[in-house]
Amino acid sequence: MDRAEQNVLAQKFASMHNPKDLLLLCNAFDGGSAQVIASHPGAKAIASASYATAVVYGTADDDLTLEDNLAGVRGIVAAGIRATPKKPVTIDLQDGYGDQLERAIEGIIKLGAVGCNIEDFNRVANALWPIEEAAARVALAKKVAAKCGVPDFVVNARSDALFQGADAGMDSVIRRGKAYLAAGATTVFVWGGPSGRGVSSAEIKRLVSEFGGMLNVSMRLGEGFLKKNQIQALGIARVSMGPQLYSGAIAAYSSAVDGILGV
C-alpha cells in the first residue's frame, strides 16, 4: 500500500468519527483476532490494546518497549490491509515512548496503520505530562505523520487526568481535552482508570458538550455498565473495548484446557 492510498484510508477512518454515528472499535490482540474483526461486516476499523499486545508478546504492559509493540501489532495491521475492502487500523502507543514518539509514529505508519492512541501520563516520570507538553506531543504526532505522507492520520489523545495525581478531575480533563483537539487530535479518550471507576453518564454528557461529541470512552462489559445503544444516545463519536476481548478469550481458553487436562 503506497502512502497516497494509506492517506485515503486515514481520511476514511477520520470520517468515521461522527457523534451522530458511533464508531465502535473491537480491540484485537494478535493477527488471528484481528482477522476475525476484519472479516466481520459490522466492523468499520480495528484497534490494538497495549495491555493485550504486551501479554501476548510475553511481557507486562509497563514493560512493553516500542520495538516489542511494533512487532506485536504487525499481524493486526496486516489483517486490516488484507481485508476486502481494507479496514483502517489504529495502534495503542501508550504514552508515546518519551523521546521515541517520532520513531513510534514512523514505525506504525510503515506497517500500514492510519491512527494511534497516545496517553498524557508520562510513565517514566510517573506523572501527567504538563498540558502544554502533552498538546505539543499530539501536534508532533500529526507533523510526523504528515511528513511520512499521511497528513490525515488520526490521533486519539487519551487523558488520565480524571484519576491521576494532583492535576486530577473533570475540569483538568476538559482543559486538556480542548488543548489536544486544538493540537490536531481527532478525539479525546477519557479513561476512568484501572480501579474500574468508569465515566458516568453525567460526566459523559458534560464531556460531549465540551468536546463537541469528539469523545472516546471505553465500553465495559457486564452488568451495571452502559450498553452500546445507551452510549450512542449520548452523542459520542467513538467507543473502544481495551483488553476486555483478550481477557474473555483467555478465560474461554483456560476453561477448555481445564476440560481437557482436568482440575
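The values are calculated or read from the model by the stated rules, or taken from the named source; none is laboratory data. Quantities reported herein were computed from a predicted structural model and do not represent experimental measurements. Neighbour counts run over all protein chains shown; Cβ positions are idealised from the backbone, glycine included.
Brief remarks follow.
- Among the residues of the stretch 140-184, those that are farther than 25 Å from LEU226 by Cα and among the small types (Gly, Ala, Ser) comprise ALA141, ALA145, ALA146, GLY149, GLY165, ALA166, ALA179, ALA182, ALA183, GLY184.
- Complete set of residues in the stretch 76-99 that are surrounded by fewer than 17 Cβ atoms within 10 Å (Cβ to Cβ) and of a type outside the set (D, E, K, R): THR84, PRO85, GLY98
Per-residue answers, yes or no, for (1) within 30 Å of MET1 (Cβ to Cβ); (2) assigned to a helix (DSSP H, G or I); (3) acidic (Asp, Glu):
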site	(1), (2), (3)
LEU207	no, yes, no
GLU210	no, yes, yes
ILE231	no, yes, no
GLY242	yes, no, no
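- The combined condition, being free of Cβ contacts under 8 Å to residues at least 60 places away in the same chain, assigned to a helix (DSSP H, G or I) and within 16 Å of the chain's Cα centre (by Cα), is fulfilled by VAL77.
- The single residue among ILE236, ILE231, ILE250 that is in contact with a Pro (Cβ under 8 Å, 6 or more places away or on another chain) and either farther than 24 Å from LEU128 by Cα or acidic (Asp, Glu) (or both) turns out to be ILE236.
- Any hit, the stretch 226-241, residues being over 29 Å from MET16 (Cβ atoms) and among the polar types (S, T, N, Q): no
- Taking the stretch 234-246 as the range and being in contact (Cβ under 8 Å) with a residue 60 or more places away in the chain and either under 26 Å from ALA52 (Cα atoms) or hydrophobic (A, V, I, L, M, F, W, C) (or both) as the test, the residues that pass are ILE236, ALA237, ARG238, VAL239, SER240, MET241, GLY242, PRO243, GLN244, LEU245, TYR246.
- In the stretch 222-233, the residues that are closer than 16 Å to GLY192 by Cα form Cβ pairs under 7 Å with partners that are polar (S, T, N, Q) and surrounded by 10 or more Cβ atoms within 10 Å (Cβ to Cβ), at six or more places apart or across chains, as follows: LEU226/SER201.
- Unique match (being without any contact (Cβ under 8 Å) to a residue 40 or more places away in the chain and under 18 Å from the mean Cα position of the chain (by Cα)) among GLY184, GLY198, GLY213: GLY198
- Residue within the stretch 204-211 that is buried (at least 22 other Cβ atoms within 10 Å of the Cβ) and either at positive phi or at pLDDT 90 or above (or both) present: yes
- In a residue-by-residue description of the stretch 40-51, the property of being in contact with a strand residue (DSSP E or B) (Cβ under 6 Å, 6 or more places away or on another chain), of a type in the set (S, T, N, Q) and not in a helix (DSSP H, G or I) applies to at least one position.
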